[in-house]
Amino acid sequence: MPNTTRPKTCRRFPTRKKIAIGEINRLDKDRDGRLSPEEFGAKVGTYTRTEEKNVRRARKKGIYQTPDQQFEAADKDGDGFLTFQELSDYIEEYQKLDKGRARYY
């Protein structure tokens, strides 16, 4: 019988694209398909318990970034907005921190 269960990492850690889609859908208030600094910064007030736990873990490991720092690091073209691709790329970079165990929040 073939093993049809997904590896634990797939269940526990959603792909960067799924996370980026979720973030844009949740935070993009004007529905223009990109995030302004204000929209992105508003995520702090909407953290889930898991995200709050990930923030605490990041602070403990010394890899915490404020939403402003995250936005600045993700906005590669410097236009003042985050596109899906920029956010997805940033999440991938962030998740590589701490030997690949960092969790995006």
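With Cβ to Cβ distances under 9 Å as the rule, what net charge do the other residues near Lys43 carry (K, R +1; D, E -1)?
That sum, taken over residues with Cβ under 9 Å, equals -2.
Rank by packing, highest mean first: peptides 75-88, 21-34, 44-57, with packing defined as the count of other Cβ atoms within 10 Å averaged across residues.
Going from most to least packed, we get 75-88, 21-34, 44-57.
Grab every C-alpha pair in the stretch 28-67, bin the distances at 10 angstrom width from 0 up to the longest one, and report whole percents.
28, 43, 25, 4
Would you calculate, for the chain, the mean residue ellipticity at 222 nm contributed by helices, counting each DSSP H stretch of 4 or more residues as -39,500 (n - 2.57) and dividing by all residues, to the nearest 500?
Helices in the chain give a 222 nm mean residue ellipticity of -15500 deg cm²/dmol.
Bin all alpha-carbon pair distances of the chain at 10 Å intervals from 0 and give each bin's fraction as a whole percent.
Histogramming the chain at 10 Å steps yields 14, 47, 29, 8, 2, 0 percent.
Against the longest principal axis of the chain, how steep is helix 84-95, in degrees 0 to 90 to the nearest 10, with axes from Cα atoms?
Once rounded, the angle reads 50 degrees.
What is the calculated FRET efficiency for Asp77 to Thr15, with r their C-beta to C-beta distance and R₀ = 41 Å, to the nearest 0.05? Each step should come with its number before you reach the end.
Numbers: r = 23 Å, r/R0 = 0.56.
Here the calculated transfer efficiency is 0.95.
What distance in nm separates the simple spin-label points at Ala42 and Lys96, each placed 7 Å from Cα in the Cβ direction?
Placing both labels 7 Å beyond Cα along the Cβ direction yields 3.2 nm.
Throughout, read-outs are computed from the coordinates displayed, never taken from laboratory work. Being a predicted model, the structure only gives us computed values, none of them experimental. Backbone-built Cβ (ideal geometry, glycine too); neighbour counts: all protein chains shown.
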